[in-house]
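Scroll down for the structure; my scribbles are underneath it.
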Amino acid sequence: MRIRVPESIAPAVVTVLADYRAVKEVAKLHLQPVLIDPLSMLIPACATRIAAGFPSPADDYLDDGIDLNKMLVRNGPATYFYTIEKASDSMNVKGIMGGDRILVDRSIEARSGMIVLAVILGEGATVKQLEIRGSRIRLIPHSTNPIHKPRTILEGEELLIVGVVTSSITLF
Amino acid sequence: MARSSVFALVDVNNFYVSCERVFDWRLIGKPVVVLSNNDGCAVARSNEAKALGIKMGDPWFQLKDLVRDKGLIGLSSNYTLYGDMSARVMKILADMAPRQEVYSIDESFLDLAGIPNRIEHGQAIRHRVLKWTGLPVCVGIGSSKTEAKLANFLAKKRPQYGSVCDLAAMTDDERTAVLESIDVGEVWGIGSQLTKKLGMKGITTARGLRDANAGSLRQAHGVVMERTVRELRGDSCMSLELIAPARREIMCSRSFSHDVTTYQQLRESVLTYVCRAAEKLRRQRSETAAVMVFVQTNAHKDVPQYGRRAVVSLPASTDDTLILANAAVQGLKTIYRDGYRYKKSGTMLIDLTPKGMHQATLFNGVASDPKHDALNAVMDKINARYGRSTLALAGAGLEKPWKLRAENRSPPYTTDWNQLPRVS
């Protein structure tokens, strides 16, 4: 069969025909003889489960169950997970162990006494207790290892409080 | 003029770079670019990188001197991270306005009608997003979407606005003076071609466009242009699109790191993409009735050109990786031709329906094989837990020499239990 089309749309028509042929080719490949198995025709007319008999007396007492997210995450979009470096023991007295996953809530306003994730620009990120006395800011470790000392933020140093640490998860 | 609507456009400054900086503090204050797929060219720039004269789309290989001389850092794009951070921003914005339209990965329109002290509210939005995510945003407010877009441009480019600009709150004289100072090419929908054409008519500023004759512009450039003019006058012609249309298809496609010439490698790529697409399909609890496969040579190179696609219809809708992979390979077989240098392949799942809605077919009995369902479920679970492609079809290849380059990609900090950012 021959058809005439305007020259300007000829390439488009050729492409469409090529696609059409490709589809047909594939369809050919795909159509395999099918054995009709009478048994498989016996599909239940109504496949949805119908509740019968008495309702369970426990239905009334069903609850949502325990969801750790609900307990640990107070504000989803502002909550982030971090991993404590394996070797880190600077906060072990507070129960934050190397390898723990901590949750940091950025939306909480950090106040003196809170455990925070802080970055001293140029040094790196660290979890410590924040202490603010007047204009003096310190990051306090709580460790059985005496090597860790409070770190005073000096003038000219930039301290970034990422957020407040709200929990630490230790997997045994 | 009826100025009854109020829209805000909120967008994240240098979104991709800003996301990277939230989790890598060493990037703060440094010139950083994020590169397109395959580490091809710059698609996001920090202000420091912009100051070095780097433009959007600059090829990475041309920037190597700046790496050496100016400490420029180039990062591969990390869409897993950007997607998660985007979701956080959108969630925060949704709570700060009665209605929201998510416009792109880093932009959202908000309906601010009825909200008093809009500038203050804009500042509150800015502060909350910055505090909760670490991402800086700008807020533009106007009586139409086009005006909000323009206000956002002002908020971003002119420091006197403090990152929040409300065009709707200005007096007519103020607004006219501001629009006079903006090139017409900055108006939403006015690209470089239109800018040229309007320039020939003597329209070079946003004000010029606003005050032009809408009727004659409509005759010359169509109804969209007329709408833009009306929107610039504060007359809202486009409302918020509140519900993102349900995805009717899922596409998975990439360019190769280098030309692929063998069927074997092309097959690997197609299988990789179809697995990924099937995973997405199951995540949104849909099924597909047809798979499209396509291959393409590099149109920018002087080599013999070839590109074809094939659609394979399935006897019944399915979300089974094995069936979809089979169909994709059948499709590839019909369109593969020897002797070409292929640049790209891809698969697209079309004709999606919610899972479990389809009819069992006459010949097929129940369409899904419970064994396959179990296998797919296990595969998804393992890959969710241990990372993408931990468990995949062997046919998708192990080495994947065609896989695109992403030499300097940051980890998915917020979505992978094993790759969380480390702190001491």
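Things to note:
- Taking the criterion of being in a strand (DSSP E or B), more than 14 Å from chain A (Cβ to nearest Cβ) and at pLDDT 95 or above, the residues of region B:11-41 that qualify are B:Asp11, B:Val32, B:Val33, B:Val34.
- Output for region A:64-95, where each listed residue is in a loop (DSSP other than H, G, I, E, B), more than 10 Å from chain B (Cβ to nearest Cβ) and within 25 Å of B:Lys131 (Cβ to Cβ): A:Val73, A:Arg74
- B:Ala316, sole failed condition from (1) within 13 Å of chain A (Cβ to nearest Cβ); (2) touching an Asp or Glu at 6+ places or on another chain (Cβ under 9 Å); (3) among the aliphatic types (A, V, I, L, M); (4) closer than 21 Å to B:Trp402 by Cβ: (4)
- Among (1) over 16 Å from A:Arg106 (Cβ atoms); (2) within 14 Å of chain A (Cβ to nearest Cβ); (3) aliphatic (A, V, I, L, M); (4) touching a residue at least 60 places away in the same chain (Cβ under 8 Å), the one test that B:Ala94 misses: (4)
- Apart from one condition, A:Lys149 fits all of (1) more than 14 Å from B:Val423 (Cβ to Cβ); (2) surrounded by 14 or more Cβ atoms within 10 Å (Cβ to Cβ); (3) not polar (S, T, N, Q); the exception is (2).
- So A:Thr126, is it on the phi < 0 side of the Ramachandran plot and exposed (fewer than 14 other Cβ atoms within 10 Å of the Cβ): no
- When A:Gly76 is tested against (1) without any contact (Cβ under 8 Å) to a residue 12 or more places away in the chain; (2) surrounded by 16 or more Cβ atoms within 10 Å (Cβ to Cβ), only condition (2) is not met.
- Single match in A:Arg133, A:Arg101, A:Arg106 (criterion: of a type outside the set (Asp, Glu), more than 10 Å from chain B (Cβ to nearest Cβ) and more than 12 Å from B:Ser424 (Cβ to Cβ)): A:Arg133
- Flag if B:Ser317 is surrounded by 21 or more Cβ atoms within 10 Å (Cβ to Cβ), at pLDDT below 90 and of a type outside the set (A, V, I, L, M): yes
Yes/no matrix, rows are residues, columns are (1) modelled with pLDDT of 95 or more; (2) under 14 Å from the mean Cα position of the chain (by Cα); (3) in a strand (DSSP E or B):
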position: B:Glu48; (1), (2), (3): yes, no, no
position: B:Lys64; (1), (2), (3): no, no, no
position: B:Gly74; (1), (2), (3): yes, no, yes
position: B:Arg88; (1), (2), (3): yes, no, no
position: B:Lys91; (1), (2), (3): yes, no, no
position: B:Tyr103; (1), (2), (3): no, yes, yes
position: B:Leu110; (1), (2), (3): yes, no, yes
position: B:Ile115; (1), (2), (3): no, no, no
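- Checking region B:106-124 against the condition returns a match, with at least one residue being under 22 Å from B:Ile28 (Cα atoms) and in contact (Cβ under 8 Å) with a residue 12 or more places away in the chain.
The values are calculated or read from the model by the stated rules, or taken from the named source; none is laboratory data. Not measured: the values here are computed from a predicted model. When we count neighbours, we look across all protein chains shown, and the Cβ atoms used for this are built from the backbone with ideal geometry, even at glycine.
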